[in-house]
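S.K.: Just dropping this structure here.
The values are calculated or read from the model by the stated rules, or taken from the named source; none is laboratory data. Because the structure is a prediction, the values reported are computed rather than measured. A quick note on method: Cβ atoms are made from the backbone with ideal geometry, for glycine too, and the neighbour counts reach across all protein chains shown.
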């Protein structure tokens, strides 16, 4: 399965950017059932926060709700994953604390993590795909 980071959700509905169309394409493939993917409650919450800084709260909630429906059931974090995330956070200086959680979750579930954040490339044993045109095509 594929685990999506906030960057994919944000770029898909954002302003013109080189990753916008590939992210939209990926979400379309998920919607049609061609690709199986999910995310976490925390990613949906982060998307809501980021989106509401640029658009209305109503717009942010509408899109977050659509993502919740598209990507459910969501993957849940637990204490074991948190412990592994702490290890990754210490071992990978370029990785933020929230991103360490996503990386640990993807590793534990043997998922591919799709994110525009290139710091994930530093994480050993993590299958990370950048959501550009080449990366998205490879997910089929």
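S.K.: With in contact with a helix residue (DSSP H, G or I) (Cβ under 8 Å, 6 or more places away or on another chain) and over 18 Å from residue 124 (Cβ atoms) as the only criterion, which of 38, 72 stands out?
M.R.: Just one listed residue meets the conditions, 38.
S.K.: Here is a list: 100, 85. Which entry is at pLDDT 95 or above, surrounded by 13 or more Cβ atoms within 10 Å (Cβ to Cβ) and within 27 Å of residue 13 (Cα to Cα)?
M.R.: 100
S.K.: Residue 54 versus (1) surrounded by fewer than 17 Cβ atoms within 10 Å (Cβ to Cβ); (2) under 16 Å from residue 7 (Cα atoms); (3) at pLDDT 95 or above: which is the lone unmet condition?
M.R.: Result: residue 54 fails condition (3) only.
S.K.: Taking residue 90 as meeting all but one of (1) more than 15 Å from the chain's Cα centre (by Cα); (2) touching a residue at least 40 places away in the same chain (Cβ under 8 Å), write down the number of the exception.
M.R.: Here residue 90 meets the rest and fails (2).
S.K.: Please list, ordered by first then second residue, the pairs with beta carbon atoms under 8 Å, 6 or more apart or interchain, first in region 22-35 and free of Cβ contacts under 8 Å to residues at least 40 places away in the same chain, second surrounded by fewer than 24 Cβ atoms within 10 Å (Cβ to Cβ).
M.R.: Pairs that qualify, where the first residue is free of Cβ contacts under 8 Å to residues at least 40 places away in the same chain and the partner is surrounded by fewer than 24 Cβ atoms within 10 Å (Cβ to Cβ), are 24/12; 31/70.
S.K.: May I ask you to list pairs of residues, at least six apart or on different chains, whose Cβ atoms are under 6 Å apart, with the first in region 74-86 being more than 16 Å from residue 3 (Cβ to Cβ) and the second being at pLDDT 95 or above and surrounded by fewer than 17 Cβ atoms within 10 Å (Cβ to Cβ)?
M.R.: none
S.K.: List the helices (runs of 4 or more DSSP H) inside region 38-121, counting only whole elements, that have at least 3 residues being in contact with a strand residue (DSSP E or B) (Cβ under 7 Å, 6 or more places away or on another chain).
M.R.: So the answer is 97-108.
S.K.: Here's something else I'd like to know. Can you name every residue in region 108-119 that is closer than 20 Å to residue 93 by Cα, free of Cβ contacts under 8 Å to residues at least 40 places away in the same chain and surrounded by 15 or more Cβ atoms within 10 Å (Cβ to Cβ)?
M.R.: 119
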